[in-house]
Amino acid sequence: QMWEEAIALGKELAEQYENEMFDYEQLSELLRKQAQFYENIVKVIRPKPDYFAVGYYGQGFPTFIRNKVFIYRGKEYERREDFEARLLTQFPNAEKMKTTSPPGDDIKNSSGQYIQCFTVKPKLDLPSKFHRPVSEQIVSFYRVNEVQRFEYSRPVRKGEKNPDNEFANMWIERTIYVTAYKLPGILRWFEVKSVFMVEISPLENAIETMQLTNDKINNMVQQHLNDPNLPINPLSMLLNGIVDPAVMGGFTNYEKAFFTEKYIHEHPEDHDKIEKLKDLIAWQIPFLAEGIRIHGEKVTEALRPFHERMEACFRQLKDKVEKQYGARAVISSVDERRGSRPRSMVRSFTMPSSSRPLSVASVSSISSDSTPSRPGSDGFVLEPLLPKKMHSRSQDKLDKDDLDKDKKEKKKEKRNSKHQEIFDKEFKSADISLQQSEAVILSETISPLRPQRPKSQVINVMSSERRFSVSPSPPSSQMTPPPITPRTKLAFSLQTNLELNGMSNSEIPDVPPPLPLKGSMADYGNLMESQDLISPTTSPPAHQRVSP
């Protein structure tokens, strides 16, 4: 499910298929796969594996892992207990350490085997291409993939203990681990190359906690907006834990610890941090409002009392926060994500083809059993966005007076009637010419083939006398077609093979003359053509055979 990596490899393949191998069939298949990968990134929820720091201490381990720390990538939904059990099966004589602090030299130099294992949090390292805020569904991949820095936070108390508020003196000792390569890689575990430690003050810890809480609410809201079918149980637990002060206490503990006159007087350097914490508290209200709105739309009747209590707690919290820290507003991104095409573009592509008049050239291209003369001439002329056509007029031109409308309607009917007349003539003539001969040539190239005999001739071969006898068929309406209407408006005309060989349809007699004897079975070049077939006013064509 690492579709981001598959897309990167697919782009390399696409470059080869398009510009080196010119294999467009493989390219089209690859691009369809990439499109599916992009859709999966946005819509499919992927599991986030945990990372574990494992230290092998003692002289009993092999040299390549002795007294070293490694970062392991766990399997999907694998808990730390399951990972430890899987790890200890490889070293059945090893002893599991109970603490997470680094061991002393006595353990490192002992002859036994000691394994230290604890969960670490990967540190997000976004690529440089994400220079603006993007969807959480896209960023979530980089929270657990392509990571090289991991951190482990351990609470440390400094100073005297405050029984009323434990946040006032709770410091965080954060250890940063940097691996040799990014995870995941060719292996699921890499050695830690550097370790350093930082201390986080109680106020900085409060700021980080509020920021993470706001991000968590916002991310869950975005997930429910993108997928309305998600269950609301996680959303219910998250909102209730923040809104109801009886569950977690909310940010009231931060107010008691850092917003007092005593703390501000003792720590004047923390003024900017205090203001930042107040701002984060104020920003939490619009995120909660959006979450409660979604929860109210999806809540069942069984959970309706729970939702009403949560709404009552939120109203009290909102009044208090807006009174002390001000109001904040979040612009909903639902409308921004919904893209729509312009109305003019939609009209131009959804216009019915029956409302457009057929042109002469397009009718001829239909009647000639060949490819269209130009792209888009498959039965009608595509005129998408011409400003002077009636189909792409803007709305303000529809409000003219009735007189102009009547004039335009009369012109339109006149123009359509002309098109219809030309259409009838061309379609009938094309239909008749197709009945006479199957092959239709749309050029003036002389055909080298022998012309086909008319269907009215019935040739009986008498093998005994080796001669031909022609019996004429009764006359029909198809034998003597009417004269073809001359096409003055066409750039090309329909010519059959008979016309190209010097004989027009009007010059074919009802009863053809008898054919001469054939010299041999394969001799087709000694046909005698009667001079009576050619009118006196018409000179024989250059390609006509002259009998010896």
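The values are calculated or read from the model by the stated rules, or taken from the named source; none is laboratory data. Everything numeric here is computed off the predicted structure, so don't read it as measured data. Note: ideal-geometry Cβ built from the backbone for every residue, glycine included; neighbour counts use all protein chains shown. These area figures cover heavy atoms from the full protein model, side chains too; ligands, DNA and RNA do not enter into them. Shrake-Rupley method; radii C 1.70, N 1.55, O 1.52, S 1.80 Å.
Take I281 and tell me if it is open to solvent by 40 Å² or more (accessible area, probe 1.4 Å) and among the β-branched types (V, I, T). No.
On the stretch given as region 163-200, residues that are touching a residue at least 40 places away in the same chain (Cβ under 8 Å) and of a type outside the set (D, E) total 14. The residues of region 136-159 that are assigned to a loop (DSSP other than H, G, I, E, B) and open to solvent by 50 Å² or more (accessible area, probe 1.4 Å), listed by number, are E146, K158, G159.
Across region 1-46, the qualifying residues are those that are touching a helix residue (DSSP H, G or I) at 6+ places or on another chain (Cβ under 9 Å) and not in a helix (DSSP H, G or I), and the one among them that is nearest to N145 (Cα to Cα) is M2. The residues of region 122-135 that are surrounded by 12 or more Cβ atoms within 10 Å (Cβ to Cβ) and either more than 17 Å from I71 (Cα to Cα) or at pLDDT below 90 (or both), listed by number, are D125, L126, S135. When you go through N253, N229 one by one, which is the residue that is outside the structural domain of F167 (by the TED database), open to solvent by 50 Å² or more (accessible area, probe 1.4 Å) and among the polar types (S, T, N, Q)? N229 is the lone residue from the list that is outside the structural domain of F167 (by the TED database), open to solvent by 50 Å² or more (accessible area, probe 1.4 Å) and among the polar types (S, T, N, Q). Return the residue satisfying two criteria in turn: it lies in region 190-203 and is surrounded by 15 or more Cβ atoms within 10 Å (Cβ to Cβ) and at pLDDT 95 or above, and of such residues it is nearest to the chain's Cα centre (by Cα). Going through the qualifying residues, I end up with F190.
Among residues that are among the polar types (S, T, N, Q) and part of a loop (DSSP other than H, G, I, E, B), N162 is included.
Only a single item in (1) without any contact (Cβ under 8 Å) to a residue 12 or more places away in the chain; (2) more than 30 Å from Q137 (Cβ to Cβ); (3) surrounded by fewer than 15 Cβ atoms within 10 Å (Cβ to Cβ) is not met by E322, and it is number (1).
Every residue, every condition in (1) assigned to a helix (DSSP H, G or I); (2) open to solvent by less than 60 Å² (accessible area, probe 1.4 Å); (3) not assigned by the TED database to the domain that holds G185, yes or no:
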site	(1), (2), (3)
G55	no, yes, no
P62	no, yes, no
R66	no, no, no
V69	no, yes, no
Y72	no, yes, no
K75	no, no, no
F83	yes, yes, no
L87	yes, yes, no
P92	no, no, no
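If you check E173 against the conditions, is it open to solvent by less than 60 Å² (accessible area, probe 1.4 Å), of a type in the set (D, E) and over 24 Å from M2 (Cβ atoms)? Don't jump to the end; show me each part of the working.
Working: open to solvent by less than 60 Å² (accessible area, probe 1.4 Å): yes; of a type in the set (D, E): yes; over 24 Å from M2 (Cβ atoms): yes.
Here the answer is yes, as E173 does meet what is asked.
When we screen N240, N218, N229, N214 for residues that are at pLDDT 85 or above, in a loop (DSSP other than H, G, I, E, B) and either out of contact with any helix residue (DSSP H, G or I) (no Cβ under 6 Å at 6 or more places or on another chain) or within 24 Å of R315 (Cβ to Cβ) (or both), the only hit is N229.
Being among the small types (G, A, S), closer than 22 Å to Q316 by Cβ, open to solvent by less than 50 Å² (accessible area, probe 1.4 Å) and without any contact (Cβ under 8 Å) to a residue 24 or more places away in the chain: is that true of G291 here? In short, no. Of all residues in region 160-169, those being surrounded by 15 or more Cβ atoms within 10 Å (Cβ to Cβ) and within 18 Å of E199 (Cβ to Cβ) number 3.
Looking across region 96-121, the residues that are farther than 21 Å from Y51 by Cα and open to solvent by 100 Å² or more (accessible area, probe 1.4 Å) come down to D105, D106, N109, S111.
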